[in-house]
Amino acid sequence: MLRNYIPLYLLSLIILATSGCFSVSDEEQLLSSSGEIRANDPYCSAAKTEPNPAEMLNATEFTLVSWNIYKENKEGWKKDLLTLSNASDLILLQEAYLTQTLNQFLVTSGQKWDMISAFRYRGIHAGVMTIGDIPAQTSCAQRATEPIAFLPKSSLINYYPIRNTQHTLLVANIHAINFTLGIKEFSEQLLHIKTVLANHQGPIVFGGDFNTWSDQRELALDQLIGNEELGLHKVDFVSNEAPLVWGHRLDHIFFRGLKVIKAEIIPVESSDHYPLKVQFEFVPENE
């Protein structure tokens, strides 16, 4: 999110990025609850593994939450994350830092997760993370470097098998490029993700912190993601609870092949973003 005093925030980022606190690997690294660190295919062209019948999504409905957790910097984040975890099947986190506290939380909950290590801060992996009651069948990730702060933003794409169907649910989780002089880099990041989404035949959820703090950015997002080729629709959150930056919401969820049963914004004090929670219903394949 844009802080109250942007020049000071940018200066702080640049100082930190050049101080040795941050490190960026040469290629994308995928982390997971299995404990492995694996090389990444950013376009998900690798073959999907055969799913375990006991580890498939319910063929009727599921609940998903998207939340920028603000690096776990505010008190109460763990309590709020537990509440969200108990009431959802999938959680998309942005600004997740794989600290001992978060790792222990995930171990205790028994949930499965995947994360792209966009960079390390003092040795701690940071990026977007997707948590689920079941493991993803396949995952891939992308990074895009902030042109001003020089640190990568990241996107994670997971595929989840659905019971009684050959299709998988594609879940894309993004933390979009923020500080730029134009929208070139922002649009390029979205275009790379669009390439993966366009090749998917089943239902899709695409959510996260899009950093759409201007009319220009919102228009670019709507034109690229909301076109007929992808067939995506934006979840309509009627609540006015969400924090705004210059009159714009930063967080969104798009979907395809699904129906929205309920959508809500959940006010919290443990982050500068509010979680978005959506209950989806699968649309029968013959509809």
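A count restricted to the range 171-193 and to residues that are in contact with a Lys or Arg (Cβ under 9 Å, 6 or more places away or on another chain), open to solvent by less than 10 Å² (accessible area, probe 1.4 Å) and aliphatic (A, V, I, L, M) stands at 3. Looking only at residues of the range 53-84 that are open to solvent by 50 Å² or more (accessible area, probe 1.4 Å) and among the polar types (S, T, N, Q), we find that the one that is nearest to His273 (Cα to Cα) is Asn73.
For Val128, work out the one condition from (1) aliphatic (A, V, I, L, M); (2) out of contact with any Ser or Thr (no Cβ under 8 Å at 6 or more places or on another chain); (3) crowded, with 20+ Cβ neighbours inside 10 Å it doesn't fulfil. In the conditions (1) aliphatic (A, V, I, L, M); (2) out of contact with any Ser or Thr (no Cβ under 8 Å at 6 or more places or on another chain); (3) crowded, with 20+ Cβ neighbours inside 10 Å, Val128 misses (2) alone. Against the list (1) in contact with a strand residue (DSSP E or B) (Cβ under 8 Å, 6 or more places away or on another chain); (2) surrounded by 15 or more Cβ atoms within 10 Å (Cβ to Cβ), the condition Ala87 fails is (2). Looking only at the range 222-230, decide whether some residue is assigned to a loop (DSSP other than H, G, I, E, B), in contact (Cβ under 8 Å) with a residue 24 or more places away in the chain and touching a helix residue (DSSP H, G or I) at 6+ places or on another chain (Cβ under 8 Å). Scanning the range 222-230 turns up at least one residue that is assigned to a loop (DSSP other than H, G, I, E, B), in contact (Cβ under 8 Å) with a residue 24 or more places away in the chain and touching a helix residue (DSSP H, G or I) at 6+ places or on another chain (Cβ under 8 Å).
Pairs meeting the criteria (first residue in the range 109-138 and under 18 Å from Ser154 (Cβ atoms), second residue buried (at least 24 other Cβ atoms within 10 Å of the Cβ) and of a type in the set (Lys, Arg), beta carbons under 9 Å, at least 6 apart or on different chains) are Ala118/Lys153; Gly127/Lys153; Val128/Lys153.
Filter the strands (runs of 3 or more DSSP E) completely within the range 74-181 down to those with at least 2 residues that are touching a helix residue (DSSP H, G or I) at 6+ places or on another chain (Cβ under 8 Å).
Strands (runs of 3 or more DSSP E) meeting the threshold: 90-97, 124-132, 138-145, 152-161, 168-175.
Being aliphatic (A, V, I, L, M), open to solvent by less than 20 Å² (accessible area, probe 1.4 Å) and not in a helix (DSSP H, G or I) narrows it down to one residue among Val196, Val205; which is it?
After ruling out the rest, the residue left standing is Val205.
Annotation: Pro51 fulfils all but one of (1) assigned to a loop (DSSP other than H, G, I, E, B); (2) without any contact (Cβ under 8 Å) to a residue 60 or more places away in the chain; the unmet one is (2).
Of note, Thr138 satisfies the criterion of being within 19 Å of the chain's Cα centre (by Cα) and surrounded by fewer than 23 Cβ atoms within 10 Å (Cβ to Cβ).
Inside the range 115-138, residues that are at pLDDT below 95 and closer than 20 Å to Leu230 by Cβ make up a count of 1.
The values are calculated or read from the model by the stated rules, or taken from the named source; none is laboratory data. All of these numbers come straight from a predicted model, not from anything done at the bench. When we count neighbours, we look across all protein chains shown, and the Cβ atoms used for this are built from the backbone with ideal geometry, even at glycine. Please note that ligands, DNA and RNA were not included when accessible areas were found on the heavy atoms of the full protein model with its side chains. Shrake-Rupley method; radii C 1.70, N 1.55, O 1.52, S 1.80 Å.
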